[in-house]
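**Q** My questions will all concern the structure given below.
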Amino acid sequence: MRYLLDPAVTPALRESLAELWTDVSNAGGAVGFVPPVTTDDVEPALRRHLVGMAEGTTRLLVGCAEGGRPVATAFLRLNEHRLMRHWIGLVTVMVHPDRQGGGVGRELMAAAASAAHRVDPAFTGIRLTCRGGHGLERFYASCGYREVGRVPGAIKVADDDYRDDVTLWLPLG
């Protein structure tokens, strides 16, 4: 695996990112959608990240397999609030379902921490949120994150299925 921070966003990369997001969502991944979805469904959300990149508020981290195909990704979102510019947010963290369970997720999280240091060595931490009910809290804890907040039932994935919105923190230093 090779991890790239801020690769050039070509039409091919954009298409690959939309396909990755679709595959992760359709496999049950907690990345803003519930299955079934198509690339047309995820495209507006991807576009918002790309606009953030153009505006300088979002950075893209991509994990590429042999041949350069993206199989893991995360977006680093800088804080615009003047009192919170000392930490960075990590959003839309994804590993292709075919690569899950083999250590790629841990590599991605380590690469994200390294990328945060490269973006600004003065960052004091990384904040991310996840959807409860998937065991993601345990995974992130094993990567050094600790739970710092939880909003019960904040995420509605179906008429009778509400999940917690969990906030996690990784101190950098």
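The values are calculated or read from the model by the stated rules, or taken from the named source; none is laboratory data. None of the values given here were measured: they were computed from a predicted structure. We place every Cβ from the backbone using ideal geometry, glycine too, and count neighbours over all the protein chains shown. Accessible surface is based on the protein model in full, side chains and every heavy atom, while ligands, DNA and RNA are left aside. Shrake-Rupley method; radii C 1.70, N 1.55, O 1.52, S 1.80 Å.
**Q** Given the options Arg99, Arg131, Arg82, which has the most mean-square fluctuation in a GNM of the chain, springs set between C-alpha atoms less than 10 angstrom apart?
**A** Arg82
**Q** I've got another one for you. Compute, for segment 5-127, the length of the dipole vector about the Cα centre, with Cβ point charges of +1 (Lys, Arg) and -1 (Asp, Glu) only. Units Debye, rounded to 20.
**A** 520
**Q** Whole-Hz ³J(HN,Hα) for each residue in segment 158-170, computed from phi via Karplus 6.51 cos²θ - 1.76 cosθ + 1.60 with θ = phi - 60°, x for glycine and proline: what do you get?
**A** Rounded to whole hertz, the list is 6, 3, 10, 9, 10, 10, 6, 9, 9, 9, 10, 9, 10.
**Q** Projecting each Cα onto the charge dipole of the chain (Lys/Arg +1, Asp/Glu -1 at the beta carbon, about the Cα centre), which of Ile126, His49, Thr39 comes out farthest on the positive side?
**A** Ile126
**Q** Turning to a different aspect of this structure: Could you provide, to the nearest whole Å², the per residue accessible area of the chain with probe 1.4 Å?
**A** Counting only protein heavy atoms, the per-residue value for the chain is 52 Å².
**Q** What order do you get for 88-96, 1-9 when each peptide is scored by the mean count of other beta carbon atoms within 10 Å, highest first?
**A** With the highest mean Cβ count within 10 Å placed first, the list reads 88-96, 1-9.
**Q** Taking 0.36 nm per residue of separation and subtracting the Cα-Cα distance, what length does fully extending Thr124 through Asp40 add?
**A** Difference between extended and current length: 26.6 nm.
**Q** How long is the gain from Ala110 to Glu55 if the chain were fully straight, where each residue apart is worth 0.36 nm and the alpha carbon distance is subtracted?
**A** 17.2 nm
**Q** Which Cα, out of Leu108, Cys64, Leu90, lies furthest along the positive dipole direction of segment 52-111 (beta carbon charges, K/R +1, D/E -1)?
**A** Leu90
**Q** Go ahead and set up a Gaussian network model of the chain, Cα springs under 10 Å, then flag whichever of Thr124, Thr58, Thr22 fluctuates most.
**A** Thr124
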